[in-house]
Amino acid sequence: MPVEVDSRDADSFLDRLENEFPDSAYEAQHGFAESLMEEEAKPITPFESGELRGSGRVHTSSGGDDIDTEFSFGKDSGSEVYASIQHSREDFAHDPPEQDHFLEEPMRDAEDRFESEMDQAAQRAIDRADR
C-alpha cells in the first residue's frame, strides 16, 4: 500500500528553524559570555584602582554561520598590555579572591555549562519554529 507524504510542512518547519536558530544561538552565546565576565571573571580580577576590573568587556559578532565572542580587558593598547601581564604572571601576589588567569580559568571551568546553554538555545529555536 503506497503512502503519500506531504513534505511541505517539514520544509516549512525547516525554513522557520533556519531563521530562528542563528538568533537563539547568538543570544545564548552573548548572554553566557556577559554572565561569565560579570559574575566569574571580574570578581577575581586583580583590583588596585579598579581600572583593570572595570575595563572587562565582551563583544559578540556574527557573520555567515559563525558567532564570535571576544573577551578583553583594557581600554587601549597600553592598558591591554597591562591586563595581559596581570593575567599571565603567576609570580604577582594577589589578595583572594583576586588571582592570575582571571579570564582563562573561568572560561575553562565553564565549558560544560556553555555546551548545555547552547543545547538549550537549540531547543528554544526548535520550539519557536514549531509554533
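Quick note: the coordinates plus some simple rules give every number you see, no bench work behind them. A quick note: this is a predicted structure, and the numbers were derived from the prediction, not measured. Cβ placement follows ideal geometry from the backbone for every residue including glycine, while neighbour counts extend to all protein chains displayed.
Brief remarks on what is shown
- Between Leu36, Ser79, Gln99, the Cα set farthest toward the positive side of the dipole of the chain (charges on each charged residue's Cβ, about the Cα centre) is that of Ser79.
- Extents of the stretch 18-93, taken as max minus min of Cα coordinates on every principal axis and listed largest first, are 49, 24, 20 Å.
- The local environment of Ser35, defined by Cβ-Cβ distances under 10 Å, has a net charge of -4 under the rule Lys, Arg +1 and Asp, Glu -1.
- Selection of GluC sites (Glu not before Pro), the stretch 81-131, meeting DSSP coil and at most 14 other Cβ within 10 Å: Glu90
- Computed from the alpha carbon positions, the gyration tensor of the chain leads to an equivalent ellipsoid with semi-axes of 43, 14, 10 Å, biggest first.
- Seen from every direction in turn and averaged, the convex hull around the alpha carbons of the stretch 55-129 projects onto 7.1 nm².
- 0 to 90° range, to nearest 10: angle between helix 111-129 axis and the chain longest Cα axis: 30
- 15 Å beta-carbon shell around Asp68, net charge (K/R +1, D/E -1): -4
- Volume per residue that the Cα convex hull of the stretch 87-131 spans, once the total is divided by residue count, Å³: 72
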